Amino acid sequence: MHSEPSSAAASTAPLYSQVTFDDRGNFLYQGDLQRPGESLVAIVARLEPHLRVSFPNARFAILTQSFSGGRKIIAEVLDAPEDLTGRDAQNAFIVTVKDQIERFGFTRSNIYQDSHHCAFFCEVRIGQPYWAALADRRGSGSTVASIVSLAAFKKRVKPGDQLKLISAPGWHRAIGTTRTIKAVRSKDIILEGSSYLTLPRAAQFACDGTLVRIAIGTEDRPDAHLLYQWFPAKAA
């Protein structure tokens, strides 16, 4: 079962997924929460609390894009109580979330005339943090106590420290390899040998001061992760 929007946020007007093309190829949808000429910033400011009310047990990251052909709102699912490993469950949840986002816009298109006009394009995707949260709920795989936060780790780790990869998915070639850190940046760590380690969101990171676990789960392997041993450089 997928989450239904809460009654406080439910729409009495037809939702986006309930509208179909007519016999002339027209698709006409008008969101009940749409405001003419509204900027993406303003839409997102209203959308974020709306999604919190509609899906109180889920978390989303809202991203926006502007390009020559229009603009886009992306809702990345960071966590939800549902098990979305099945394609049908994913599709049902995505449609439900998209219906709530589309209420802030409009769409006018015709498949025969190859025309399409909308307030914004919309994409809902399952983010990697969701798979990490699902694996955590299942209690599977290597666990590391979250003693050192990601923010604290980025402040403490420094060039000269070493990271040894001690566990990873079977396809990973560097298991057992120890590499020295060359630089620490806001989003990644540069390692010797022209390699780098992308730092995840905080929810995908755990460190007990010695072991570092980075969740990289997918729908096929929600518990996939990298497990490093951290060797701080000795003080001179």
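Read-outs throughout are calculated quantities, based only on the coordinates presented, and are distinct from any laboratory measurement. No experiment lies behind these values; they were computed from the predicted model shown.
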**Item:** the range 150-231 - percent relative contact order, Cα under 8 Å, separation 6 or more
**Value:** 29 percent
**Message:** What is the ratio of the Cα radius of gyration of the range 15-72 to 2.2 N^0.38 Å, with N the residue count, to two decimals?
**Reply:** 1.39
**Message:** Output wanted: per-residue J couplings in Hz (rounded whole) for the range 75-90, from phi through Karplus 6.51 cos²θ - 1.76 cosθ + 1.60, θ = phi - 60°, x for Gly and Pro.
**Reply:** 10, 9, 7, 8, 6, 6, x, 6, 8, 9, 6, x, 4, 5, 5, 4
**Request:** Pull up the cross-link candidates among the lysines for K234, meaning alpha carbon to alpha carbon under 20 Å and not fewer than 8 places away within one chain.
**Result:** K154, K155, K158, K164, K182
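Using just the helices of the chain, give the 222 nm mean residue ellipticity in deg cm²/dmol: DSSP H runs with n ≥ 4 each add -39,500 (n - 2.57), and the total is spread over all residues, rounded to 500.
Details: 4 runs with 49 residues, N = 236.
Value at 222 nm, helices only, nearest 500: -6500 deg cm²/dmol.
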**Complete:** A student asked for the Cα radius of gyration and Dmax of the range 61-130 in angstrom ought to give 13.9, 42
**Request:** Binning at 10 Å from 0, report for the range 3-105 what percent of all alpha-carbon pair distances ends up in each bin.
**Result:** 13, 44, 34, 9, 0
**Message:** Amide H of T177 versus every other amide H placed in the peptide plane: which residues, excluding those fewer than 5 positions away on the same chain, fall under 5 Å?
**Reply:** L165
**Asked** At what distance in angstrom do the alpha carbon centres of the range 186-236 and the range 129-182 lie from each other?
**Response** 3 Å
